[in-house]
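The values are calculated or read from the model by the stated rules, or taken from the named source; none is laboratory data. Just so we're clear, the structure is a prediction, and the values are computed from it rather than from any experiment. Here the Cβ positions follow ideal geometry from the backbone for every residue, glycine too, while neighbour counts run over all protein chains shown. SASA here: full protein model, heavy atoms, side chains in, ligands and nucleic acids out. Shrake-Rupley method; radii C 1.70, N 1.55, O 1.52, S 1.80 Å.
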Amino acid sequence: GCAIAGRPMPILALFALLLLVAAVYGSSAAQHLPAGGFEVAGSESDLAVREAEWRFGKGAADVLAIYRDPGADVRDAQFGVVVLDLLEAVLEDEGVVGATSYWDTAEESLVSLDGHETLVIVSLAGHQNRKKETLRRIEPLLRQVEPPIEVVIGGRIAVSMLAQEISRADIAAAERVAIPIALVLTLIFFRSVVAALLPIVIGGFAMASCAAIMRLSANATEIAVFALNVSAFLGLGLSIDYSLLLVQRFREELGRGLPIRDAVGSTLDTAGRAVWISGLAVMVSLAVLTGVPIVVVRSVAIGGLLATATALVGALLLLPAVLAWLGPRVNLGAIGRAPERSGPSPFWHRVGRFSMRHPVLTVLGCAVVLL
């Protein structure tokens, strides 16, 4: 703590650069993480799927396009010309391996029972991210039909892209809701605008850096996109939690008359220890899930571990530098009387005295509630 307080500006400059890089690099993390991960490699169900694909050629198609004409039979030659023309343009894309349709195979299973719909199967080349890029290019081509013909795009890659979009939208919605609520709560607790903003800043650093590290880690191991959702709310929650402890302790140390350097050192030596042990306990708990052979569960563990680690880095390295730079200015924008100047809370003081006077009764009461 004293070392950080002695040179806060270089540390702040370094973290500002890291935050900028993380925000830019991690902003597209959802596009690089697959939406699957529910299968267990080598399980009986996985082997059965592979056997069916090998024996019968039946597997999960990359792209499915359903073309529908409510007023005509899709076997009609004119309808076929429309679809075959757009498929010709699709097949020119380097990422497309091939396309299967009724007009190529005369396979009746590709036509609906009422004759108004037909299924076109498109196979793509490369790994999943390359297939997604290909689908983004060919989707406008697949949709180049005029009314009354209708088209619906589906398939494994389309579903994966939709899941990524939903995940990204959920994270954005959570940020829009959670951050303002958290800011109001910290403002009520700290009664200072500057102090209330600090936990939000640390939370933003944790979320941005976690997303960037996750995107980078996806090059070495499979991480499901759902890990982003877990890391977002866990990183924000832990960052706010840890920052509350540290900022309040720092303000109390300043209130006792300690110099800024000593106040930062004392803050990390007291509240910092609690934060470190708390983060370590969370990481150990989450690490147990990394041994589960289901990608989505392992991804949740990885996301949680990264979220906790970045929250710890922000709370134990970035936040002390910010506090050392601010000093007494941490109390700027005061709203009412600061908590450390208004004395202890009478309610929590009574709770603490009761629990210490009646430890057995307190433990038994908590055990009953938990049970």
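Yes or no, residue by residue, for (1) small (Gly, Ala, Ser); (2) surrounded by 22 or more Cβ atoms within 10 Å (Cβ to Cβ); (3) closer than 30 Å to residue 229 by Cβ; (4) modelled with pLDDT of 90 or more:
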| position | (1), (2), (3), (4) |
| --- | --- |
| 318 | no, yes, yes, yes |
| 331 | no, no, no, no |
| 339 | no, no, no, no |
| 344 | no, no, no, no |
| 354 | no, no, no, yes |
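Listed here are the residues, each with its yes/no results for (1) open to solvent by 40 Å² or more (accessible area, probe 1.4 Å); (2) over 30 Å from residue 45 (Cα atoms); (3) not small (Gly, Ala, Ser).
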{"position": "263", "(1), (2), (3)": "no, yes, no"}
{"position": "271", "(1), (2), (3)": "no, yes, no"}
{"position": "276", "(1), (2), (3)": "yes, yes, yes"}
{"position": "285", "(1), (2), (3)": "yes, no, no"}
{"position": "293", "(1), (2), (3)": "yes, no, yes"}
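For residue 80, indicate whether it is more than 37 Å from the chain's Cα centre (by Cα) and exposed (fewer than 12 other Cβ atoms within 10 Å of the Cβ). Judged against the criteria, residue 80 is not a match. Filter region 5-54 for residues that are under 23 Å from residue 212 (Cβ atoms) and in contact with a Pro (Cβ under 9 Å, 6 or more places away or on another chain) and give the result. Correct list: 11 only. All conditions but one from (1) crowded, with 17+ Cβ neighbours inside 10 Å; (2) outside any strand (DSSP E or B); (3) out of contact with any Asp or Glu (no Cβ under 7 Å at 6 or more places or on another chain) apply to residue 131; the one that does not is (3).
Residues of region 2-15 being within 25 Å of the chain's Cα centre (by Cα) and loosely packed, with under 12 Cβ neighbours inside 10 Å, which ones? Once the filter is applied, which keeps residues that are within 25 Å of the chain's Cα centre (by Cα) and loosely packed, with under 12 Cβ neighbours inside 10 Å, region 2-15 yields nothing. Entry remark, region 43-67: residues being at pLDDT 80 or above, surrounded by fewer than 16 Cβ atoms within 10 Å (Cβ to Cβ) and not aliphatic (A, V, I, L, M) number 4 in total.
When region 174-230 is filtered for residues that are surrounded by fewer than 18 Cβ atoms within 10 Å (Cβ to Cβ) and basic (Lys, Arg), only 176 remains. Does residue 111 satisfy being closer than 30 Å to residue 35 by Cα, more than 39 Å from the chain's Cα centre (by Cα) and modelled with pLDDT of 85 or more? Judged against the criteria, residue 111 is a match. Of all the numbered requirements in (1) open to solvent by 20 Å² or more (accessible area, probe 1.4 Å); (2) modelled with pLDDT under 85, residue 257 misses one, and that requirement is (2). Scanning region 85-97 for residues that are in contact (Cβ under 8 Å) with a residue 12 or more places away in the chain and under 19 Å from residue 147 (Cβ atoms) yields a single hit, 86.
Checking the stated criteria, residue 243 turns out not to satisfy the condition of being buried (at least 22 other Cβ atoms within 10 Å of the Cβ), in contact (Cβ under 8 Å) with a residue 40 or more places away in the chain, under 22 Å from residue 215 (Cβ atoms) and among the polar types (S, T, N, Q). Just one of (1) at pLDDT 85 or above; (2) within 30 Å of residue 239 (Cβ to Cβ); (3) among the acidic types (Asp, Glu) fails for residue 92. It is (2).
Of the residues making up region 93-110, those that are charged (D, E, K, R) and either over 17 Å from residue 78 (Cα atoms) or in a strand (DSSP E or B) (or both) are 93, 94, 107, 108.
Test residue 91 against the criterion of being touching a helix residue (DSSP H, G or I) at 6+ places or on another chain (Cβ under 8 Å), over 30 Å from residue 220 (Cα atoms) and surrounded by 12 or more Cβ atoms within 10 Å (Cβ to Cβ), and give yes or no. No; evaluated as a whole, the condition is false for this residue.
Condition check ((1) small (Gly, Ala, Ser); (2) in contact with a helix residue (DSSP H, G or I) (Cβ under 8 Å, 6 or more places away or on another chain); (3) within 30 Å of residue 28 (Cβ to Cβ)) across all residues:
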site: 72; (1), (2), (3): yes, yes, no
site: 78; (1), (2), (3): no, no, no
site: 110; (1), (2), (3): no, yes, no
site: 114; (1), (2), (3): no, no, no
site: 142; (1), (2), (3): no, yes, yes
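Within region 8-55, the residues that satisfy the criterion of being of a type in the set (Gly, Ala, Ser), under 21 Å from residue 299 (Cβ atoms) and in a helix (DSSP H, G or I) are 22, 26, 29, 30, 45. On the stretch given as region 134-153, residues that are open to solvent by less than 20 Å² (accessible area, probe 1.4 Å) and of a type outside the set (Ser, Thr, Tyr) total 3.
Being outside any strand (DSSP E or B), under 19 Å from the mean Cα position of the chain (by Cα) and either modelled with pLDDT of 85 or more or of a type in the set (Gly, Ala, Ser) (or both) is a description that applies to residue 169. Among the residues of region 71-122, the one identified as touching a Phe, Trp or Tyr at 6+ places or on another chain (Cβ under 8 Å) and of a type in the set (Ser, Thr, Tyr) is 118.
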